[in-house]
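The values are calculated or read from the model by the stated rules, or taken from the named source; none is laboratory data. Values in this document were obtained by computation on a predicted structure and should not be read as measured data. Methodologically, a virtual Cβ is constructed for each residue, glycine included, from the backbone with ideal geometry; neighbour enumeration extends over all protein chains shown.
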Amino acid sequence: MPNHPSKYREALQIQREIAETLNKSTNLQEMLQLSLERLLDLMALETGWMFLTEDEKSYELVSSHQLPPALENNREELMYCYEGYTDCDCLQLYWKGYMNQAVNHVKCARLELAVDYDMGETRGLTHHASIPLTIRGKKLGLLNLASPGRRRFHEDELVLLETVAYQIGSAVERTRLHLQHTEEEVHATTRYLVDAYANVEKINRQFGNILNRSELFHGIMQELHDHLPSWTHTAIITMERGRLSVQSRSDPHGPKEVFDAEQEINLSQPDLVRRAYVQQRIMQDHEQSLHFSSLKGHEPLYSTAFPLFMPERPEETFGVLLLSRSTSSCYHLEMGMLEGLANQVSMGIERIRLHEEWEALLVDKERNRLARDLHDSVNQKLFALSLTSRGLQGLIDENEQTITEAVQEIQQLSKEALTDMRSLIWQLRPDHLEQGLIPSLTEYAQKIGVDLFIEAPDAVNLNQSCKEALWRIGQEALNNIQKHAGTSKATIIMESDPHHFMMHVVDQGNGGAAETQQSLGIRSMKERTEELQGSFHMNSENGKGTTITVRVPIHKKGR
């Protein structure tokens, strides 16, 4: 190293500036080009070039500055590696291990060739200094520097160049390792995405023909658990009668059937699932808690929520597909892949919905056919039997009391059977609720001979499924009154608050219905109420009549 203080400071300044230059770019060739130009400027040299080597048979010119025209204009012939070409002395010495430090004076075979073949101006250059680029004994390349009229470098300059060359070699190795690491990460990501796309296709094929909702959800969870193991926790949350409900979930132990319902849809405390559902956007989070007890395992994880809906009907969101894992959020390509999976889940749910509608249409068609057949056959025969018994009664002598009583009984039974048949035919009609819940109950009571009084709000704001269930419950209650209460009068009181709707069916008949709690009709009313997440209560003491109270949550239409 130089002993003179000013030269020492100059050497340190050169090293510092080269270090700063090496850090200006992450592109290897750009970094080496800038460093070479800065080094030549700092040391007042005219030209230089740098080779990087892989082995003794290959090298690459990665940077050069102000080459003489003979070399600049004949780069292809003089500066690049060709198979079988015996290269210049500097590289030969370097590859054979004779150049472990800076060499002051190397005769350049490339410049000799340019002179011999009259390839252009060399500016009087014949020799250059060569400094090996090494790191921990590993050969990385060679730095050549030259200036016209300058044949030798001072010893302290060579030491400085070796130090700079070590800086450059370290930067080259660091950049190569970074590129190698990046390439390995890219390969790993590519491999993951290729495998994941293949697995998504497997998942799609597995549930493509499932027409049962529960089977679909369980199948999706099983396939996600088997084919996308990086997503350790998964769940399907769907909208059921106005509530977001966890239908199925999976964790490292496998898929599970659950039913965990959120109380209502609002954004006062918007968690990941509800924001994805309401805003119909993919949401990611790893800090906010979820409002479902069965999803507490997702909370310390990175979660992504995909809304489930059909693009052509965005107003009808089915629910949310929730995926969670311990590693960071989705890559861009991975997000696209999983969004495609969510679309497939949406199509699976939509396919089942359409299948259910098709089955309902078949049921309605069959009920309509049955109502028509009953009207055209059994109903007409019962009517004829009623007329015949009435006419027969007029032909019988009043003294034949036994026959008269039998004919009267036939007439009464045929009348009751005709009433029941007309009621059954009316129930089977698929359009019984088109006129509204209150008019339908009123008309049905008239059909079965019950004098009904209804007290209700001006507007009954219920969705179709809720109206259907309340209609069936009211129908069953009126049937029980007509058959068992010993009275022909009944009252239905309807009332509501912002969150619930209540229907009371009251009669002042015999009571005692509590003794028949397990009857099919009462069980049916309870089940229909429970399907709406409501409550059913019956008070029926002997001699004090019966009151049935149904309380259900109010769901917005379309939800």
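So which of Leu308, Leu323 is more than 19 Å from Leu354 (Cβ to Cβ), at pLDDT 80 or above and either among the hydrophobic types (A, V, I, L, M, F, W, C) or surrounded by fewer than 13 Cβ atoms within 10 Å (Cβ to Cβ) (or both)?
Leu323
Of all the numbered requirements in (1) in contact with a helix residue (DSSP H, G or I) (Cβ under 6 Å, 6 or more places away or on another chain); (2) of a type outside the set (S, T, N, Q); (3) modelled with pLDDT of 85 or more, Gly521 misses one, and that requirement is (3). Note on the range 440-463: residues that are free of Cβ contacts under 8 Å to residues at least 24 places away in the same chain and under 45 Å from the mean Cα position of the chain (by Cα) amount to 2. Take the conditions (1) modelled with pLDDT of 75 or more; (2) closer than 19 Å to Arg274 by Cα; (3) of a type outside the set (Val, Ile, Thr); Arg353 misses just one of them, which is (2).
Report yes if Ser488 is at pLDDT below 90 and under 20 Å from Tyr444 (Cα atoms), otherwise no. Spelling it out, Ser488 is indeed at pLDDT below 90 and under 20 Å from Tyr444 (Cα atoms). Could you tell me whether Tyr94 is assigned to a strand (DSSP E or B) and of a type outside the set (A, V, I, L, M)? No, not satisfied.
Which of the following residues is at pLDDT below 85 and not hydroxyl-bearing (Ser, Thr, Tyr): Val194, Val172, Val159? First the steps, then the outcome.
Working: Val172 fails: at pLDDT below 85; Val159 fails: at pLDDT below 85.
When all the criteria are applied, what remains is Val194.
From the list Leu387, Leu382, Leu341, Leu374, the one residue that fits, being of a type outside the set (Gly, Ala, Ser), part of a helix (DSSP H, G or I) and at pLDDT 70 or above, is Leu341. Checked against the criterion of being at pLDDT 85 or above, assigned by TED's automatic domain parsing to the domain that holds Arg472 and within 43 Å of the chain's Cα centre (by Cα), the candidates Met502, Met538 yield just one match: Met502. Every residue in the range 45-55 that is more than 13 Å from Ser130 (Cβ to Cβ) and touching a Leu at 6+ places or on another chain (Cβ under 9 Å), please. Across the range 45-55, the qualifying residues are Leu45, Glu46, Thr47, Leu52. Among residues of the range 475-486 that are farther than 15 Å from Thr549 by Cα and assigned to a helix (DSSP H, G or I), none has a beta-carbon under 6 Å from a residue that is modelled with pLDDT of 85 or more and basic (Lys, Arg) at least six positions away or on a different chain.
Just one of the numbered conditions (1) part of a loop (DSSP other than H, G, I, E, B); (2) of a type outside the set (Gly, Ala, Ser); (3) surrounded by fewer than 17 Cβ atoms within 10 Å (Cβ to Cβ) is not true of Leu462: (3).
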